[in-house]
Amino acid sequence: MSEVKISAEPRTEFGKGGARRTRRAGKVPAVLYGHGEKPKHIALPSREFAAAIRKGGANQLFAIEVSDGTQVLALPKAIQRDPIKDTFEHVDLLLVRRGEKVTVEVPVELTGEAAKDTLIVHDHDTLSVTADATKVPDHLEASIEGAEPGAQITAGDVTLPAGVELAADPELPVATVTAAPTAEQLEATLPEVEEATEEAEAEVGEVTEASEGAEAAPAAEGEENAEARTGA
């Protein structure tokens with residue numbers, strides 16, 4: 001994976017307020033750490049960082065040039081995103097050197113077509129591998145071509161690029177192939193699903209009625225008290 005050059009600025013404001021102001025300015029709050037160095041707080045340009053992650057993935061290597069003259073190589077170690085806005089909230093960046101070995105989680109993509117009338121369960125969509133910091137693959141591939149029901153693809157079955165070593169358990173399941181349910185099996189489960197749905201709706205109705213009754217009781221008591229005061 002080729003490195004992406006990106007500029008950064010030192011960050012002097014910390015805490016939630018400082019982070020919000022950084023994001024409002026179109027930047028991502030980040031921290032650089034590793035190699036025994038004191039953590040360095042920086043701000044990255046949001047658009048450039050987002051574009052690099054979209055293209056290279058979560059293990060994109062960055063050549064960071066800080067405005068104070070600092071120049072480093074770093075890999076994202078933890079990325080916090082806003083699930084609603086789909087924006088980057090904060091990034092932890094691990095300092096690396098050329099030729100240094102790092103252990104990272106790499107996405108696994110399934111390739112090929114399994115046998116007819118099968119279902120594929122993707123048990124683990126990432127694998128832990130060790131690689132040169134400047135040569136971390138953006139993804140790994142696991143073939144399910146022609147796989148029959150009952151077949152299981154493990155981490156040890158995944159072909160790794162040259163220079164990349166598996167750090168995960170070789171027996172870790174990556175994908176499992178099962179037989180697809182027949183039309184008769186699906187039809188047999190429909191009554192059970194409908195019955196469960198009806199029971200759930202009935203329970204919701206009972207809870208609603210109980211709630212309405214509880215609200216009505218205090219109201220009735222209030223009216224009686226008001227009538228009693230009027231009569232007095």
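The values are calculated or read from the model by the stated rules, or taken from the named source; none is laboratory data. These figures come from a predicted structure and were not determined experimentally. Every residue, glycine among them, receives a Cβ derived from its backbone with ideal geometry; neighbour counts consider all protein chains shown. What goes into the accessible areas is simple: the full protein's heavy atoms, side chains included, and nothing from ligands, DNA or RNA. Shrake-Rupley method; radii C 1.70, N 1.55, O 1.52, S 1.80 Å.
Convert each backbone phi in the range 54-65 into a coupling constant with the Karplus relation 6.51 cos²θ - 1.76 cosθ + 1.60 (shift: θ = phi - 60°), then list the ³J(HN,Hα) values in order as whole Hz, x for Gly and Pro.
Values per residue, Gly and Pro as x: 4, 7, x, x, 5, 9, 4, 7, 10, 9, 9, 10 Hz.
Percent of accessible area on the range 89-161 owned by carbon and sulfur, 1.4 Å probe?
Ligands and nucleic acids excluded, carbon and sulfur reach 46 percent.
For a label point 7 Å from the Cα of Ala50 along Cα→C-beta, name the residues of the range 77-98 whose backbone N is under 18 Å from it.
Those under the cut-off are 79-92.
From a point 7 Å beyond the Cα of Glu187 in the direction of its Cβ, which residues of the range 108-136 have a backbone N at a distance under 16 Å?
Taking a point 7 Å out along Cα→Cβ of Glu187, no residue of the range 108-136 has its backbone N under 16 Å.
What does the extension gain come out to for Lys38 and Ala58, with contour length at 0.36 nm per residue minus their alpha carbon separation?
Between Lys38 and Ala58, full extension yields an extra 4.8 nm.
Percent relative contact order of the range 53-177, based on C-alpha pairs within less than 8 angstrom and at least six residues apart?
Dividing the mean separation by the residue count of the range 53-177 yields 22 percent.
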